1. Within a Cβ distance under 12 Å of A72, other residues only, what is the Lys/Arg minus Asp/Glu net charge?
2. Show the residues, 5+ positions off or on another chain, whose built amide H is closer than 5 Å to the amide H of Q5.
3. Amide H neighbours of T39 under 5 Å, at least 5 residues apart or on other chains, H built in the peptide plane: list them.
4. Just subtract the alpha-carbon distance of I131 and S148 from 0.36 nm times their residue separation and send over the number in nm, one decimal.
5. Given R₀ = 22 Å, FRET efficiency for D84-R196 by Cβ-Cβ distance, to 0.05?
6. If R0 is 45 Å, what FRET efficiency do you get for D187 and E110 from their C-beta distance, rounded to 0.05?
7. Can you list residues from other chains, or at least 5 along the same chain, whose modelled amide H is less than 5 Å from the amide H of L127?
8. Using a basic spin-label model with each label point 7 Å from the Cα along Cα→Cβ, how many nm lie between Q29 and S76?
Amino acid sequence: MKDIQFFLTVVRREDAPRYTDFYAQHGVQMVYGTPAYGTATTKTLDLFGLEQTEKAVLLSVVTGEQARALTAALVSEMYIDLPDQGIAVSVPLSSIGGRSALAHFMPGFEPESEEQEEKTMQTASSLELIIAVAEKGQTDLVMDAARSGGARGGTVIHAKGTAAAGSKTFFGLSIAEEKEMIFIVADAESKREIMRAIMQQAGANTDAHAVVFSLPVSEACGFRYGK
């Protein structure tokens, strides 16, 4: 796949309409949104009398050129790099299910001919997107483990797995039940320790039954702490 990116944005839930309008104004015609929440621990929230931090996750598919332009515009127009505004990352796609799928995600986009040599993807960021899938209600266990490995925070999406008959479990993880997906963006250098901590402290032999994988990030913004 020639420089096509999966673009993920995490913002405060009340700001989601502004960001949806922003993407429409910048030519992104298909944006999926889902509610999510931040990963401040329950103990911390109770201590300060706070409610769970409400977030929204916006998902789209764009070209690499669009991803780079969107990243710059998110900083200059939406000020996403200011504290508590949000984050955005893009992950390179290796393939997509044909021209019809591409047309669905990117209306009006004309891909280059398949005969042309694929362009080498150059990673513009030293970040990784870590995704953990765990049992419902076990986010604190997963994030305590992740923080012990160096993670700063994450975003959680409620999900429900599906499985064919006879495939109801995977490494002890019951698939066809409600789950929580925890998205963590971390330095590439910290990825291994974070994933190892999750597997050891919140893995198959724990109540979380977490499984974890990571994806390379090609563009990112909203991480001023790293500057």
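1. Net charge around A72: -3.
2. Distant-sequence amide H within range of Q5: V62, T63, G64, L93.
3. The answer is G154.
4. 4.5 nm
5. Rounded to the nearest 0.05, the efficiency is 0.15.
6. Details: r = 37 Å, r/R0 = 0.81.
So the FRET efficiency works out to roughly 0.80.
7. A188, V217
8. 2.5 nm
Throughout, read-outs are computed from the coordinates displayed, never taken from laboratory work. Predicted, not measured: the structure shown is a model, and the values here were computed from it. Every residue, glycine as well, gets a Cβ built from its backbone with ideal geometry; the counts of neighbours run over all protein chains shown.
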